[in-house]
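First the structure, in the form of structure tokens, and then the observations on it.
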Amino acid sequence: MSEVLWTPSPDAVAAATLTRYADWLRDRHGVDTADYAELWRWSTRDPPAFWASIVEFCEVRFDRAPDAVLEDPVMPGARWFPGAELNLAASIFAGRDPDTVAIHFASERAAPARWTWGRLAAETRRIRSGLVALGVGRGDRVAALMPNLPETVAAFLATASLGAIWSSAAPEFGARTVIDRFSQIDPVVLLVVDGYRYGGRDFDRAAVIEQITTALPRARVVRFGLLDGRGWGPDLPEASGGGGAPTGTTPETPPEPTLGDRLGPDTVPVPFDHPLWILYSSGTTGLPKAIVHSQGGILLELTKMARLHLDARPQDNVFWFTTTGWMMWNFLIGVLLSDAAIVLYDGNPGYPDLNRLWDLAAEVPITIFGTSAAYISSCLKAGIEPARGRDLSALRGLGSTGSPLSRDGFRWVYEHVGADLWLFSTSGGTDVCTAFVGGVPTLPVRVGELQARALGAAIEAWDPQGRPLVGEMGELVLTQPMPSMPVGFWGDVDGSRLREAYFSTFPGIWRHGDWIEITPEGGAIIHGRSDSTINRGGVRIGTGEIYAAVLALPAILDALVVDLPREEGETAIELFVVLAPGARLDADQAAEIRRRIREDCSPRHVPDRIRAVPEVPRTLSGKLLEVPVKRILCGADPDQVVSRGSLANPHALDTFIQLAGEPSTGSAVDGG
């Protein structure tokens, strides 16, 4: 049993929305559960009853009531709330006080500022009016190459209010990367920014925008002047009469009714499974998958996550560091379905140093602080002490995602951020735009573990024969459908690509592609991607375990490990490390790395060779390129293995291409 680092006080448990939900469920529906584990089992054994309870408890708005909760409960193909009509934007604006803060915002260009619900509604109506004038209607795609600004949130809400479909990319993405994404969906409007600031430098994007607009000839371009301070320029027209039915609708489309509250925009009711936004897979080979999520599915899932798992309440300020190119931006927007405000930051989280986001936490103040495991690791190694010299007393929760948080990272949070802090590591994916496993405010925090499986997420660890495991690593699978599963991939008319992506290993069961271990206490440990497992002598471990051991060393900033075949049928484990400034990969350092892996992981998985490299390649969403690097080192053509446009640092591949041709190149330490 892992060490318990934190236990919620009786007062904290009593104040949690999750506790109120469990009490309501017992009193209203007779579902009496003794603890969270029992509540989770009920939520996954009776999905229709659970999701119906979320609709009722969270007072989800339907413009037309559903005919049922779940029809054809098979995967893929389950139909949630058939017959229902709703609009996510209407739900977000419903019942808001125009003087209450909706968004806190800061950037490298601006000190913290606030947008009230009144200002957000006015900006949403203005952008919506412009989209209508440009002919945007239900089902049209609006693509955005925009920074993490309040105006971008308003543009999304305006798009959703029309029943149009949103898709975004971060402004730092290269032209090829953006074109690979947006050309698949044929947007009618493209929202672009003139540039952005990162690390103290302004980056003009005029040349990139020219390439993108040339490749998207149908799109009407609307420019936002960030660097020149113009905001939405004349490219965003005013619709005559300030609104009305979109000019692009067909004659069969009925006139658009006015359904929003006076504060919010008019909204178009759409079916539950109507597309809301399109997110993209990492796309390391070929074009990235264009993943379509539904208005209703996202509305229910993110309402559940914000209220029950993030425990977002009135007076809370919820922050997650993200860009508009990562699903965590979409997840953060979902927090507006609760009574909390959200906090946006645009810029480099390490500029001028790693204290910047902690300063923001004190300035706002932030009550729930979300970041990545990599950021926590960087703060640990840089000797950052967030609680020293600043007031973080408002902070009650800290979330981590993107990769597994190391045991040392857990301890650093409690030693240097706050001793009485709810720390929740989460794991999910772009595929469902949520976390499968993660935070539960009423449970203890154990070192190195995710607290529990999320309500409604029927997660299990399976062996190759499809048998559930406890206390052992297995394939992460979902045995029951969830509303936020994709309604499809854009352009995948017969659904074959979607079935191949998630349902080809275990028919009728979602295989996510991660190794997970369900602990006897009900927690979880993510062991890395299942397609990059290292098997030595029949003993399998996930690469995440090796990273947890190696990255705990102060001299190592980043790492990548692969298992390469040898001619005699065996394999060789090669570990690539990025060294901290001033560190050297000498015999002593290599011995320390091997010792740590031997003790923390397994003697069988000590690397045969350790090499120092300048950088390890990562996708735009931060994932390591383990499988592509393995194939390159095995002699595959790099251009056939990976699309450089899908990488955050494509130059990092060059080292591995060189190593494939010259195995002795680089700083290496051989032997075990």
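The values are calculated or read from the model by the stated rules, or taken from the named source; none is laboratory data. Owing to the predicted nature of the structure, the values given are computational and were not obtained by experimental measurement. Note that each Cβ is placed from the backbone with ideal geometry, even for glycine, and that neighbours are counted across all protein chains shown. Side chains are part of the model used for accessible areas, which takes the heavy atoms of the whole protein and leaves out ligands, DNA and RNA. Shrake-Rupley method; radii C 1.70, N 1.55, O 1.52, S 1.80 Å.
Quick one: which of 225, 163 is at pLDDT 90 or above and either within 27 Å of the chain's Cα centre (by Cα) or polar (S, T, N, Q) (or both)?
Details: 225 fails: either within 27 Å of the chain's Cα centre (by Cα) or polar (S, T, N, Q) (or both).
Sole residue among the options that is at pLDDT 90 or above and either within 27 Å of the chain's Cα centre (by Cα) or polar (S, T, N, Q) (or both): 163.
Restricting attention to region 275-286, which residues are over 13 Å from the mean Cα position of the chain (by Cα) and assigned to a loop (DSSP other than H, G, I, E, B)? Even if it seems obvious, please write down each step before you answer.
If we filter region 275-286 for residues that are over 13 Å from the mean Cα position of the chain (by Cα), which is where we start, we get 275-278, 283-286.
Correct list: 283, 284, 285, 286.
Taking the criterion of being open to solvent by 10 Å² or more (accessible area, probe 1.4 Å) and aromatic (Phe, Trp, Tyr), the residues of region 312-352 that qualify are 321, 326, 331, 351. Yes or no: region 513-521 includes at least one residue that is farther than 23 Å from residue 329 by Cβ and either without any contact (Cβ under 8 Å) to a residue 40 or more places away in the chain or in contact with a Ser or Thr (Cβ under 7 Å, 6 or more places away or on another chain) (or both). Yes; the residues of region 513-521 include at least one that is farther than 23 Å from residue 329 by Cβ and either without any contact (Cβ under 8 Å) to a residue 40 or more places away in the chain or in contact with a Ser or Thr (Cβ under 7 Å, 6 or more places away or on another chain) (or both).
Having 2 or more residues that are within 30 Å of residue 441 (Cβ to Cβ) and open to solvent by less than 50 Å² (accessible area, probe 1.4 Å) is the bar; report the strands (runs of 3 or more DSSP E) wholly within region 520-624 that clear it.
Result: 524-529.
With respect to residue 291, is the statement that it is in contact (Cβ under 8 Å) with a residue 40 or more places away in the chain, under 16 Å from the mean Cα position of the chain (by Cα) and either over 23 Å from residue 20 (Cβ atoms) or surrounded by fewer than 24 Cβ atoms within 10 Å (Cβ to Cβ) (or both) true? Taking the combined requirement at face value, the residue satisfies it.
Look at residue 636 and say whether it is modelled with pLDDT under 95, of a type in the set (A, V, I, L, M), farther than 26 Å from residue 402 by Cα and open to solvent by less than 70 Å² (accessible area, probe 1.4 Å).
Values: modelled with pLDDT under 95: yes; of a type in the set (A, V, I, L, M): yes; farther than 26 Å from residue 402 by Cα: yes; open to solvent by less than 70 Å² (accessible area, probe 1.4 Å): yes.
Answer is yes for this residue.
Only one of the numbered conditions (1) at pLDDT 95 or above; (2) assigned to a loop (DSSP other than H, G, I, E, B); (3) out of contact with any strand residue (DSSP E or B) (no Cβ under 6 Å at 6 or more places or on another chain) is violated by residue 185, and that is (3). Being among the aliphatic types (A, V, I, L, M) and within 30 Å of residue 521 (Cβ to Cβ) is a property that holds for residue 5. Among the residues making up region 353-377, those that are modelled with pLDDT of 95 or more and open to solvent by 10 Å² or more (accessible area, probe 1.4 Å) are 353, 354, 355, 356, 359, 362, 363, 364, 365, 367.
How many of the residues making up region 216-240 are of a type in the set (Gly, Ala, Ser) and surrounded by 17 or more Cβ atoms within 10 Å (Cβ to Cβ)? Before the answer, list the steps.
Initial filter on region 216-240 (of a type in the set (Gly, Ala, Ser)): 219, 225, 229, 231, 233, 239-240.
Subsequent filtering for residues that are surrounded by 17 or more Cβ atoms within 10 Å (Cβ to Cβ) retains 219, 239.
Adding up the residues that qualify gives 2.
Checking each residue in region 57-74 for being more than 17 Å from residue 303 (Cα to Cα) and at pLDDT below 95 picks out 71, 72, 73, 74. Residues that are modelled with pLDDT of 95 or more and not small (Gly, Ala, Ser) within region 453-478 comprise 453, 455, 459, 460, 462, 467, 468, 469, 470, 476, 477, 478, listed in sequence order. Of the residues making up region 115-157, those that are free of Cβ contacts under 8 Å to residues at least 40 places away in the same chain and outside any helix (DSSP H, G or I) are 115, 116.
Residue-wise test of (1) open to solvent by less than 50 Å² (accessible area, probe 1.4 Å); (2) farther than 22 Å from residue 69 by Cβ; (3) in contact with a Gly (Cβ under 7 Å, 6 or more places away or on another chain); (4) assigned to a loop (DSSP other than H, G, I, E, B).
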{"residue": "8", "(1), (2), (3), (4)": "yes, yes, no, yes"}
{"residue": "13", "(1), (2), (3), (4)": "yes, yes, no, no"}
{"residue": "22", "(1), (2), (3), (4)": "yes, no, no, no"}
{"residue": "27", "(1), (2), (3), (4)": "no, no, no, no"}
{"residue": "39", "(1), (2), (3), (4)": "yes, no, no, no"}
{"residue": "43", "(1), (2), (3), (4)": "yes, no, yes, no"}
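Say whether the condition of being of a type in the set (Ser, Thr, Tyr), open to solvent by less than 50 Å² (accessible area, probe 1.4 Å) and over 28 Å from residue 322 (Cα atoms) is met by at least one residue in region 76-94. Spell out the reasoning first.
Of all residues in region 76-94, those of a type in the set (Ser, Thr, Tyr) come to 91.
So of that shortlist, the ones also open to solvent by less than 50 Å² (accessible area, probe 1.4 Å) come out as 91.
With the extra rule that they be over 28 Å from residue 322 (Cα atoms), the set shrinks to none.
Within region 76-94 (the criterion being of a type in the set (Ser, Thr, Tyr), open to solvent by less than 50 Å² (accessible area, probe 1.4 Å) and over 28 Å from residue 322 (Cα atoms)), the answer is no, since none of the residues qualifies.
It is to be established whether one or more residues within region 207-215 are out of contact with any Gly (no Cβ under 8 Å at 6 or more places or on another chain), part of a helix (DSSP H, G or I) and crowded, with 21+ Cβ neighbours inside 10 Å.
Keep residues of region 207-215 that are out of contact with any Gly (no Cβ under 8 Å at 6 or more places or on another chain), which gives 207, 209-215.
Imposing the further condition that a residue be part of a helix (DSSP H, G or I) reduces the set to 207, 209-215.
Filter once more, keeping what is crowded, with 21+ Cβ neighbours inside 10 Å: 209, 212.
The answer is yes; a qualifying residue exists.
Only one entry of 471, 466 meets the criterion of being surrounded by 13 or more Cβ atoms within 10 Å (Cβ to Cβ), touching a residue at least 24 places away in the same chain (Cβ under 8 Å) and not polar (S, T, N, Q), and that entry is 466.
Look through 371, 401, 367, 426 and report the one residue that is touching a Pro at 6+ places or on another chain (Cβ under 9 Å) and of a type in the set (S, T, N, Q). Full working, then the answer.
Working: 401 fails: touching a Pro at 6+ places or on another chain (Cβ under 9 Å); 367 fails: touching a Pro at 6+ places or on another chain (Cβ under 9 Å); 426 fails: touching a Pro at 6+ places or on another chain (Cβ under 9 Å).
It is 371.
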